[in-house]
Amino acid sequence: MTYLSLFWAFFKIGLFSFGGGYAILAMIQQEAVVRYGWLSQGEFADVVAISQMTPGPIAINAATFIGYRQGGIPGSLLCTFGVILPSLVLMLAITLTYLKLRRQPWFKNIFQKLRWLTLGLIGAAMVIIAQGAFTDWFSVLVFALSLAVYWRFRPNPIYLMLGAAVFGIAFG
Amino acid sequence: MAKNIASIFWTFFKIGAFTIGGGYAMIPYIHREVVEKREWISDEDFLDGLAAAQSCPGPIAINISVYVGLHLRGRLGMAAAVLGTVLPSTLIIILVAELFGHYADQPLVRKAFHALKPAVVALIAVPLVQMTRGAKLNLSNFWVPVLAMVLVGFFGVSPIWLILATILFAVAQGLWRRERPE
């Protein structure tokens, strides 16, 4: 039953994640934290932090991590397969039809509206992770510092993450 | 290099193994490998595929791997490209998940994650602000992302409903405009 839920949850995540990357996080949180309770809000933020420091797409990282925690290696493979299955089917179809459709105004209109929504979903992911991340003044301080450094110098995210980890170990 | 299945797999495996920072970070590397270095696919075809990959649901790196793989060697090429993209993350994360299970409660790991989580919030905030600038938001549509953020972020509404509602609205608007051309 767990295996089925794992596959089904990540299939839905793959199917309803428009806009890639951070926009997917809101969908993962909805399924893995709110609906199934596989992770707490704080653990979800851990998983996102880990995904930022490991190679590959965030959705794949999160799927493998949550699947492994819930159902070992079979669970991790099922979740990963679930999250990519919609891509396999839909991209196959889209590759054959999209290139003709995309100049149609009504079709363009759908994606323009979805883009606005995507911004909101990324904002939601930020709010959700903030809820698991802001536990005291120290975390607010780290946020402010990271924001300033990332805004001003735009380092590779991995260096920002390593810097934050060292800062946390030294002063946290 | 020839477009054989092994070289397709290996190219995407390298991209999957060495790009940190999620799917969007992988796009320039994929472009460099398949368009510039190997000349497997023209720049124009790649950009078409990228537009399709951004419109299709699912992780964008997987979508573009499907497109490039299909383009190169049909379904078999698609399988090789997708497997190459996914395999490194899957292997590394299984290892990390196993280790994290053992060491999550160690004081040093806890301290590191205590600082890592707020840093992630900053990592999302900066591109979000930039995307807001590029999205042509104005007073009449600004409420859409704000409402979505509040509903999903604070009230736990599933993004599925908002996506379906948005698609329905856009389709209805399209039909309405066709009935009454300006």
Quiz item: What lysines sit close enough to A:Lys108 to cross-link, taking a C-alpha to C-alpha distance under 30 Å and skipping anything fewer than 8 places away on the same chain?
Solution: A:Lys12, A:Lys100, B:Lys136
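In debye, nearest 20, what is the charge dipole magnitude of the protein assembly as shown about its Cα centre with +1 on Lys and Arg Cβ and -1 on Asp and Glu Cβ, if you could check? Can you show the working numbers first?
Details: 26 positive and 15 negative charges, 145 e Å.
So the magnitude is around 700 debye.
For B:His71, B:His102, which order do you get if you count the other beta carbons within 10 Å of each Cβ and list the fewest first?
Values: B:His71 21, B:His102 9.
So the residues, fewest neighbours to most, are B:His102, B:His71.
What does the convex hull of the Cα atoms of segment B:100-182 come to per residue, in Å³, rounded to a whole number? Mind showing how you got there, number by number?
Details: hull volume 12.1 nm³, N = 83.
Expressed per residue, the convex hull around the Cα atoms of segment B:100-182 is 145 Å³.
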Quiz item: If you look at just the Cα atoms of chain B, how large are its Rg and its Dmax in Å?
Solution: 20.7, 66
Exercise. Work out how much length A:Thr2 to A:Leu96 would gain on full extension: take 0.36 nm times their residue separation and subtract the Cα-Cα distance, in nm to one decimal.
Key: 30.3 nm
Quiz item: If contacts are Cα pairs under 8 angstrom and at least 6 residues apart, what is the relative contact order of chain A in percent?
Solution: 29 percent
Self-check item: Estimated D of segment B:27-83 in µm² per second, where Rh is the Kirkwood radius over Cα pairs and Stokes-Einstein applies at 25 °C, 0.890 mPa s
Solution: 223 µm²/s
Practice problem: Would you calculate, for the protein assembly as shown, the mean residue ellipticity at 222 nm contributed by helices, counting each DSSP H stretch of 4 or more residues as -39,500 (n - 2.57) and dividing by all residues, to the nearest 500? | Solution: -27500 deg cm²/dmol
Self-check item: segment A:2-133 - Debye-derived log10 I(q)/I(0), Cα point model, q = 0.16 Å⁻¹
Solution: -0.81
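For segment A:62-172, compute Rg over Rh where Rg is the Cα radius of gyration and Rh is the Kirkwood radius from the inverse mean 1/r over Cα pairs. Intermediate results must be reported in sequence, preceding the final value.
Details: Rg = 20.0 Å, Rh = 18.1 Å.
Answer for segment A:62-172: 1.10.
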Quiz item: What is the spread of the Cα atoms of the protein assembly as shown along each of their three principal axes, largest first, in whole Å?
Solution: 60, 53, 47
Self-check item: Calculated from backbone phi, Karplus (6.51, -1.76, 1.60) coupling profile of segment B:109-122 in Hz, x at Gly/Pro
Solution: 5, 4, 4, 4, 6, 4, 8, 5, 5, x, 5, 5, 4, 5
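Would you mind giving the average projected area, over all directions, of the Cα convex hull of segment B:90-146 in nm² with one decimal? Before the final figure, lay out each step's value.
On the way: hull surface 24.3 nm².
Computed as one quarter of the Cα hull surface, the answer is 6.1 nm².
At 25 °C and 0.890 mPa s, what whole-number value in µm²/s does Stokes-Einstein give for the translational diffusion of segment B:5-103, with Rh from the Kirkwood sum over Cα pairs?
Working: Rh = 13.6 Å.
Estimated diffusion coefficient is 180 µm²/s.
Readers should treat all values here as calculations from the given coordinates under stated rules, not as data from a laboratory. Predicted model only: the values in this text are computed from it and were never measured. Glycine gets a Cβ as well: all are built from the backbone with ideal geometry, and neighbour counts include every protein chain shown.
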